[in-house]
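As structure tokens, the structure follows; a few thoughts come after it.
The values are calculated or read from the model by the stated rules, or taken from the named source; none is laboratory data. Remember, it's a predicted structure, so these values are computed and weren't measured experimentally. Here the Cβ positions follow ideal geometry from the backbone for every residue, glycine too, while neighbour counts run over all protein chains shown. In case anyone asks, the SASA skips ligands and DNA or RNA and just uses the protein heavy atoms, side chains included. Shrake-Rupley method; radii C 1.70, N 1.55, O 1.52, S 1.80 Å.
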Amino acid sequence: MTDTTATRPTVGDRVKFDDDRFLWDVIAVSDHFTALTRKAPFRRNTLRYTVIDWEQGIRGPANLVGTGWGGGTYTTAQCQQMLVEFENHLTDDPAAVEARAAGLTQWKPSRNSVEVSHRHRVPLRITRVIAQA
């Protein structure tokens, strides 16, 4: 069961997914995506991240090589920038728009095509959202 009707968490909230025993911290939100982090198991000072795609009802890492983003510290600024790249994927690349208008079938992309990884995505199943105090 994919839970796309769940109340969308805000920055500072904590989220529990049904397939994970740990709570995730909400770091950044945008119109269609939410970035969350938690401590990586058995690794000191290392974070893991996941991105919720609210329209598709899925979550997972980015579709980048190694599925990482930035330096792996996942600061608020890095997560906000990551979500900007995710949002840009939903709109047409300006280079594609220009090429199509000129009747071309090939072009060089002017921005990254960042989305939730097809290989590592899981259905969105939120058990609970713990609001910030």
Return the residues of the stretch 85-114 that are touching a Leu at 6+ places or on another chain (Cβ under 9 Å) and either modelled with pLDDT under 80 or open to solvent by less than 70 Å² (accessible area, probe 1.4 Å) (or both); say none if nothing qualifies.
Asn112, Val114
Given the structure, is Asp31 open to solvent by less than 20 Å² (accessible area, probe 1.4 Å) and in contact (Cβ under 8 Å) with a residue 24 or more places away in the chain?
no
So which residues in the stretch 49-61 are surrounded by 18 or more Cβ atoms within 10 Å (Cβ to Cβ) and without any contact (Cβ under 8 Å) to a residue 60 or more places away in the chain?
Tyr49, Thr50, Pro61
Pick from the stretch 28-84, criterion basic (Lys, Arg) and either farther than 19 Å from Arg119 by Cβ or part of a loop (DSSP other than H, G, I, E, B) (or both), ranking: modelled with the highest pLDDT:
Arg38
Only residues in the stretch 1-23 that are within 11 Å of Thr127 (Cβ to Cβ) and surrounded by 13 or more Cβ atoms within 10 Å (Cβ to Cβ) count as the first member; pair them with residues that are of a type in the set (Phe, Trp, Tyr) and at pLDDT 95 or above, Cβ under 6 angstrom, at least 6 apart or cross-chain, and list the lot.
Val15/Trp24
